[in-house]
1. Taking region 12-25 as the region of interest, how many residues are within 14 Å of PHE141 (Cα to Cα) and in contact with a strand residue (DSSP E or B) (Cβ under 9 Å, 6 or more places away or on another chain)?
2. Could you please find all residues in region 181-222 being touching a strand residue (DSSP E or B) at 6+ places or on another chain (Cβ under 8 Å) and open to solvent by 30 Å² or more (accessible area, probe 1.4 Å)?
3. Quick one: which residue in SER231, SER252, SER235 is open to solvent by 30 Å² or more (accessible area, probe 1.4 Å), assigned to a loop (DSSP other than H, G, I, E, B) and farther than 25 Å from VAL178 by Cβ?
4. Which of the residues belonging to region 150-178 are among the aliphatic types (A, V, I, L, M) and either touching a Pro at 6+ places or on another chain (Cβ under 7 Å) or under 18 Å from PRO118 (Cβ atoms) (or both)?
5. Being of a type in the set (D, E, K, R) and without any contact (Cβ under 8 Å) to a residue 60 or more places away in the chain is the filter; apply it to region 255-273 and report the residue that is surrounded by the most Cβ atoms within 10 Å (Cβ to Cβ).
Amino acid sequence: MRLTGFLTEIAESDTIVLIVHGLSGNATSPYCLSAARAARQAGFSSLRLSLRGADYSGEDILHGGITQDLWAALGAPELARYRNVLLFGYSVGGHIVLRAAIEHADARLRAAAAICPPLNLDSATASFDRPARSAYRRYIFRGLNKAYNVTAARGRVRVPAAVVSRARSCRERDSLTVVERFGFKSVQDYYERESVAPRLSGLRIPSLVVASRQDPLVPPDTVMPALVGASAALSVTWLDGGGHVYFPRNLSLGEQAPPGLEHQVMRWLARQV
């Protein structure tokens, strides 16, 4: 499996921030660039990772719990010199980051931050599939279908691209793509096996969730139930204003850092090293 990304190195830094995009994004997504700039300003190296196939290479397709890509990237020889690893994920990438923090498969991992992550894939998908969010689905499906089409052209998936392109709900699309490709018994089996929600009690790595009460894609009522019983290692900040992964430039989380989401979160991560 070939993964790609953009590595920005600070020669004197012993810390690297692994930045993970949302479901239909990739390493070039604007928010990933913002995180990389904040990491650089904080004196950290960064790797903006494109999860499998998100770079339109046709290598494969991804799903909401695919932590294997993070561990593979961190195992690259170019990153062996780093003593500290920080994870920074957006949306579904934030969900994957939290899963990785619980797995703790790299002893260098110090902290994780997730911006507007779904925590329960089942309830988040049910909410996302409501008619009122059809415009958002069309937008995200365009990006996903572009990546899927290339993968299908390389013969790496079983369901024809034309069939997948007709899916009108996330649940339907997941059943045609993720379930078929990764061998889940059903779409419900996928959501139950990969959701981070029931695993949050086992979190031991300091982790931060930043969520918006006005998030149009991951509304609070899909997040709050998952926080019941979560480990004390998890800090949650609820914000008024902003939307999904984007917030006002003057945002402050109370950290001693420049305003703005990425600078504030980067400072929180730095305090955990």
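1. The first filter runs over region 12-25 and keeps only residues within 14 Å of PHE141 (Cα to Cα), leaving 22-25.
Then drop every residue that is not in contact with a strand residue (DSSP E or B) (Cβ under 9 Å, 6 or more places away or on another chain), which leaves 22, 25.
Qualifying residue count for the region: 2.
2. Let us first name the residues in region 181-222 that are touching a strand residue (DSSP E or B) at 6+ places or on another chain (Cβ under 8 Å), namely 200, 203, 205-213, 218, 220.
Across region 181-222, the qualifying residues are PRO206, ARG213.
3. Answer to the selection: SER252.
4. Step one: filter region 150-178 for residues among the aliphatic types (A, V, I, L, M), giving 150, 152-153, 157, 159, 161-164, 167, 176, 178.
Within region 150-178, ALA152, VAL178 meet the criteria.
5. Keep residues of region 255-273 that are of a type in the set (D, E, K, R), which gives 255, 262, 267, 271.
With the extra rule that they be without any contact (Cβ under 8 Å) to a residue 60 or more places away in the chain, the set shrinks to 255, 271.
Working: GLU255: 16, ARG271: 12.
Once the filter is applied, the top-ranked residue is GLU255.
The values are calculated or read from the model by the stated rules, or taken from the named source; none is laboratory data. Bear in mind the structure is a predicted one, so any value in this text is a computation, not a measurement. Methodologically, a virtual Cβ is constructed for each residue, glycine included, from the backbone with ideal geometry; neighbour enumeration extends over all protein chains shown. In case anyone asks, the SASA skips ligands and DNA or RNA and just uses the protein heavy atoms, side chains included. Shrake-Rupley method; radii C 1.70, N 1.55, O 1.52, S 1.80 Å.
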